[in-house]
Amino acid sequence: MSTTETAAQDIPKVAVEITVNGQSYRREVEPRTLLVQFIREELRLTGTHIGCDTTYCGACTILLDGEPVKSCTMLAAQADGGEVLTVEGLEKDGELHPLQTAFSEHHGLQCGYCTPGMLMSSLALLQNNASPTEKQIRKGIQGNLCRCTGYHNIFKAIEAAAAEMRED
Amino acid sequence: MSWVGKSPRRKEDDRLIRGQGLFTDDELGEGMLQLYILRSPYAHAKINSIDTSAAEALPGVACVLTGKDVLEHCDPYMQLALEPAANIQDYPLARDKIHFQGEPVAAVAAETVGLAMDAAELIDVDYDMLDAVLDVEEALKDEILVHDNIGTNRTWQGVYEYGDVDKAFAEAAHVVKIDRLHFHRYSSTPLENNACVAEWTRQGTVEFLCNNNFPGFAKQLLAPGLRLPIENVRVRTYDVGGAFGNKIWNYVYMALAALASRKTGGRRVKWAEIRTEHMLAAGHGNERTYVDTEVALDKDGVITALRSRHLDDCGAYTRYEPLGCVIFSQVLPATYKLRNIRIEMNQAVTNKCPVVPNRGYSRMQQLWFMERVVDICGQELGIPADEMRLNNYITDFPYETPNGCVYDSGNYPAMLDKAKELLDWDKWAAYRDQARSEGKHVGIGIGTTLDSGTNNFGQAQIMNPHLPFSGNSEACIIRLDFDGAVVVTLGTGPSGQGHETSASQVVADELNIDPSMVTVRSGFDTNWNTFVGHSGSYASQFAVTGLSAVHGACQKLKTEMRKLAGFLLEAAEEDLEFGVGEEGPQLKVKGTDKAVNYWYLSNIVNNNNAVLQGALEDVTLNVRHVYRPPFNVPDVEKKFGNLTLTYAAQLHIAVVEIDPATCRVNTLAYAAVDDCGTVINPQIAHGQVHGATVHGIGAAIMEAFDYDEGGNLLTATFSDYCPITSMNIPDIAYGNIETPSPFSYNGAKGMGEGGGAPLHTMSAAVQDALHGAGVIVTDSFVSPPRVYELLQNPNRETAVSVG
Ligand code: FES
Ligand code: FES
């Protein structure tokens with residue numbers, strides 16, 4: 001009991017500096033602030049979603065220093081000094097990323113709640129493997145749940161985006 | 001050129017792929033309080049006392065709510081049941097007793113969610129644990145009561161009897177008896193949890209932003225629950241992260257955010273449910289046990305009669321129940337032509353999470369049962385599953401079922417053919433025979449199912465004759481905005497089904513313009529949208545009710561536009577044509593270049609009406625249409641009447657192999673054929689089929705809400721419940737046939753729920769694989785532990801008998 005009382009009042013905030021979508025932000029946060037809370041609440045980038053409390057669903061996936069990370073499973077303080085890419089950073093100069101276009105064209109989203117996390121995991125996959133097989137795609141997004149689409153159209157979208165990106 | 005039947009890019013996608021959607025939890029007002037709900041760790045307990053003083057003293061805590069607040073400011077939510085179940089007292093928080101694990105006990109509003117959680121830990125609740133009743137048959141004995149004040153756990157009982165059942169049994173060539181079947185508890189667990197933001201304004205109104213998927217209904221329940229006139233409650237939704245029926249009754253908890261706002265002088269309060277809370281308390285699908293089933297068949301394996309007792313477990317509260325005790329009868333005989341049926345339907349409360357409509361609500365439980373009956377009879381009589389179905393399928397449409405439902409159209413044999421072709425049936429049948437000769441467990445299963453859409457609310461009267469509901473309706477408004485834009489508002493609150501897109505396709509066809517020229521307002525707002533009591537996104541009906549409302553509104557708008565344009569252009573109305581000119585959408589006099597565009601028309605009515613010199617008073621270019629399907633009130637005594645307007649059908653086939661080491665059910669091939677009548681948007685329809693199929697496969701092999709004997713939910717996190725992932729799904733060969741509905745203007749049938757086809761199919765396939773080993777699949781859940789259990793203790797001797 002005393003620990004929670006302490007947590008509420010006395011623990012000093014920590015300073016973190018994180019670059020998100022190319023812009024650097026410095027904030028004082030409670031040490032227990034999760035990276036996803038930092039992104040959503042401090043920076044108001046609400047594209048990154050929360051779907052669970054056990055690191056299962058991947059709705060919160062972002063790239064940290066180029067690697068996919070479930071941002072609900074990391075403290076903001078642990079990302080200090082890092083570079084984060086969220087769904088809001090995919091579009092460049094008004095041009096959608098090929099993955100974004102492909103998800104729409106292939107109906108890879110219905111409610112769209114999983115989509116930001118899916119896009120980030122897909123991007124990580126394609127950055128490591130420009131021509132993934134269907135099996136590799138399945139594996140690449142195995143940490144991302146979608147409750148609406150049944151995944152098939154997501155596979156198709158990722159394949160299409162991969163082809164598009166290889167051409168560019 | 002017709003837009004209906006095509007798949008233009010979805011209007012919804014633009015914001016969603018950019019991370020610019022507005023889901024409820026994305027609302028981040030300054031100074032908003034965060035609500036955290038303290039929940040009971042016990043399934044059944046008496047609350048002796050609650051001490052909130054330490055929590056209230058914690059800096060940053062704005063208020064704490066307990067049962068006291070609720071008693072002071074709330075009335076129990078309206079119940080649909082008859083007496084005595086009508087007296088179940090359902091409040092947003094427990095008062096003196098806990099009825100299921102996860103039931104809210106207190107709620108804390110604080111400056112941050114972390115603080116609210118800290119404070120909740122400081123609340124001291126003194127409980128006396130009570131024995132819990134967790135099984136429906138036990139519950140029906142009334143030895144342990146869930147709600148003491150009603151004196152029984154039974155919430156409903158009724159007999160559905162048609163034809164001459166006894167005679168059919170007396171004349172039967174075979175009688176198959178099935179001891180017990182069980183449909184397990186699971187839910188679709190939308191990826192977005194429940195959430196709301198509430199504000200109790202100084203004017204005494206309450207404003208909600210939430211993700212309820214039946215907001216017009218929620219408002220009707222919330223207002224009296226909060227002791228407010230209905231008009232004082234505003235419910236808004238925007239983007240909703242999936243619902244599948246599960247978000248229909250989150251209003252129960254939304255009231256807590258409103259009460260916290262009231263107690264803090266009108267501060268905005270957000271409640272964002274956490275996944276574990278969702279699993280514990282946001283609503284599970286109906287669990288059903290079927291006992292004493294007897295099936296009469298003639299010598300060719302045609303089923304002539306069926307009798308059975310069904311026991312539905314609705315969990316601790318009857319929130320949407322006992323409606324499930326009637327809704328199943330929309331598909332009473334499933335796709336089969338038997339005329340003699342006697343089903344006794346029973347329902348009881350237990351100390352488990354209350355049930356909530358879940359994709360395929362109550363019909364899929366009946367369809368799974370009927371498919372089990374067909375397969376068990378077939379297997380026991382040595383008739384192949386496909387032949388059994390062809391012997392028994394309904395083939396003439398429209399078809400009136402024994403209980404008066406009218407199946408609009410369909411062709412189940414053609415669907416079976418198509419599914420076989422997609423699957424490559426002969427190849428897999430040969431593979432199965434070969435594999436069996438090598439001692440492997442390989443099976444092929446067929447599941448035929450129905451997705452009944454557009455309810456006749458009159459069926460509620462079969463459950464409770466005093467309920468003032470019948471028919472169905474949906475509303476739409478179309479108007480021309482000042483700039484001439486075509487703006488559509490719907491009564492539905494979609495959650496991923498693409499209503500903005502489909503509605504724009506219908507409007508585009510009617511006005512002969514491009515869907516991009518049609519604005520369909522996103523989200524739903526009871527202050528803004530038009531709606532009727534039936535409005536919402538549920539029960540597979542948008543393609544019929546929603547689009548009929550849109551279509552009807554288009555006709556009214558076009559009539560007005562023709563009148564006005566005819567007046568302005570001095571032309572006969574029949575000489576005008578709709579289309580797009582250089583100045584955008586317009587009406588033009590055929591064969592001339594005389595035209596008026598939409599801006600001009602709108603401006604005349606809205607800003608420049610002296611031009612009309614008093615003419616055309618009835619033209620407003622802002623029209624409302626309410627669509628009402630043709631329904632009668634059912635005969636309550638006989639439980640007879642048409643309960644749904646359309647019957648989409650699905651036919652799935654799976655080939656499975658049981659891994660001998662792990663007992664895992666591996667799907668080697670899967671085909672899904674769909675018939676939803678005329679297809680409005682093939683890509684969306686196909687997406688719905690895939691989604692429903694994967695939901696069903698997940699439910700069949702991975703997903704179950706399992707309780708231990710103490711009433712503890714063992715699968716209360718995603719990591720324990722294991723929703724199906726990209727690694728667990730087979731390739732699905734998809735096909736469709738179209739038998740247009742004669743009952744909808746566009747030939748469409750409501751779809752999207754999918755009737756739970758994969759559950760029927762996987763049960764059938766596993767049974768086919770294991771029948772040789774003496775196994776009858778009696779449970780809809782075929783996870784590895786269940787399959788292991790079946791293989792260890794083959795049950796055929798006790799599960800079924802043939803006379
Ligand atoms: S929110 Fe589910 S994994 Fe992060
Ligand atoms: S689109 Fe709804 S969860 Fe993926």
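Magnitude of the charge dipole for chain B, about its Cα centre and with charges confined to Cβ atoms of Lys, Arg (+1) and Asp, Glu (-1), is about 1000 debye.
Checking the Cα-Cα distances for B:Lys167/B:Lys638; B:Lys556/B:Lys590; B:Lys299/B:Lys418 against a 26 Å cut-off, the pairs over it are B:Lys299/B:Lys418. Potential lengthening of the chain between B:Met1 and B:Glu56 amounts to 13.3 nm, from the contour at 0.36 nm per residue minus the alpha-carbon distance. Computed from label points 7 Å out along Cα-Cβ, the spacing between A:Gln142 and A:Glu67 is 1.8 nm. Projecting the Cα atoms of B:Ser470, B:Leu222, B:Gly687 onto the charge dipole of the protein assembly as shown (Cβ charges, centred on the Cα centre) puts B:Ser470 farthest toward the positive pole.
Taking the Cα centre as origin and putting +1 on Lys and Arg beta-carbons and -1 on Asp and Glu beta-carbons, what dipole magnitude results for chain A, to the nearest 20 debye?
Dipole magnitude for chain A comes out near 520 debye.
Since only B:Tyr77, B:Pro794, B:Asn456 are under comparison, the one whose Cα sits farthest along the positive direction of the charge dipole of chain B, derived from C-beta charges on Lys, Arg, Asp and Glu, is B:Asn456. Expressed to the nearest 5 percent, the antiparallel share of DSSP beta bridges inside segment A:12-89 is 90 percent.
Taken as Cα centroids, segment B:484-505 and segment B:1-80 sit 26 Å apart, rounded to the nearest whole angstrom. The modelled label-to-label distance between B:Ala414 and A:Arg44, using points 7 Å beyond Cα along the C-beta direction, is 5.6 nm. State the answer as a single residue: which of A:Cys148, A:Thr48, A:Thr33 lies farthest towards the positive end of the charge dipole of segment A:1-148, with beta carbon charges of +1 for Lys and Arg and -1 for Asp and Glu, about the Cα centre. Positive-end residue among those listed: A:Cys148.
B:Asp51 contributes about 80 Å² of solvent-accessible surface, heavy atoms of the protein only, 1.4 Å probe. In straight-distance terms, cross-link reach from B:Lys594 covers every one of the aspartates and glutamates whose alpha-carbon lies under 17 Å from its own, apart from those fewer than eight places away in the same chain; here that gives B:Glu570, B:Glu573, B:Glu574, B:Asp575, B:Glu577, B:Glu582, B:Glu583.
Label chain B by shape, choosing from rounded, prolate and oblate, from the square roots a ≥ b ≥ c of the eigenvalues of the Cα gyration tensor; if a/c is under 1.5 it is rounded, and otherwise prolate applies when a/b is larger than b/c, oblate when it is not. Oblate, since a/c reaches 1.5 and b/c is not below a/b. For segment B:474-627, the fraction of C-alpha pairs farther apart than 23 angstrom is 36 percent.
Ranking B:Met388, B:Met117 from most to least accessible surface, computed with a 1.4 Å probe over the protein chains only, gives B:Met117, B:Met388.
Under 1.5 on a/c is rounded, so check that first for segment A:12-89, then, if it is not, pick prolate when a/b is larger than b/c and oblate when it is not; a ≥ b ≥ c are the square roots of the alpha carbon gyration tensor eigenvalues. Because a/c hits 1.5 or more and a/b fails to exceed b/c, segment A:12-89 counts as oblate. Counting only heavy atoms of the protein chains and using a 1.4 Å probe, B:Ser437 has close to 90 Å² of accessible surface. The listed residues B:Phe781, B:Phe531, once ranked by accessible area (1.4 Å probe) with the largest placed first, stand as B:Phe531, B:Phe781. Over chain A, all Cα pairs binned in 5 Å intervals from 0 give whole-percent P(r) values of 1, 9, 17, 20, 18, 13, 9, 5, 3, 2, 1, 0, 0, listed from short to long. Centroid-to-centroid, using Cα positions, segment A:150-168 and segment B:325-368 are 41 Å apart.
The convex hull drawn around the Cα atoms of segment A:98-167, when projected onto a plane and averaged over every direction, covers 3.8 nm². The simple spin-label model puts a point 7 Å past each Cα toward its Cβ; for B:Ala173 and B:Thr559 those points are separated by 5.9 nm. Helices meeting the span-like rule in chain B (full DSSP H runs, Cα extent of at least 24 Å along the helix axis, mean Kyte-Doolittle score of 0.0 or higher): B:547-569, B:682-701. Residue-wise HN-Hα couplings along segment A:119-125, as the Karplus relation 6.51 cos²θ - 1.76 cosθ + 1.60 with θ = phi - 60° gives them from phi, are 4, 5, 5, 5, 4, 4, 4 Hz; Gly and Pro carry x.
Using the Cα gyration tensor of the protein assembly as shown, with a ≥ b ≥ c the square roots of its eigenvalues, what is the shape: rounded (a/c below 1.5), prolate (a/b larger than b/c) or oblate (neither)? Rounded, because the longest to shortest axis ratio a/c is under 1.5.
Rolled with a 1.4 Å probe across the full set of protein chains, the surface gives B:Asp417 an accessible area near 100 Å². How big is the gap, in Å, between the Cα center of segment B:526-596 and the Cα center of segment B:172-225? With segment B:526-596 and segment B:172-225 each reduced to a Cα centre, they are spaced 35 Å.
The values are calculated or read from the model by the stated rules, or taken from the named source; none is laboratory data. Please read all numbers here as calculations on a predicted model, not as lab measurements. Here the Cβ is made from the backbone with ideal geometry for all residues, glycine too, and neighbour counts use every protein chain on show. Calculation scope for accessible area: heavy atoms of the full protein, side chains included, ligands and nucleic acids excluded. Shrake-Rupley method; radii C 1.70, N 1.55, O 1.52, S 1.80 Å.
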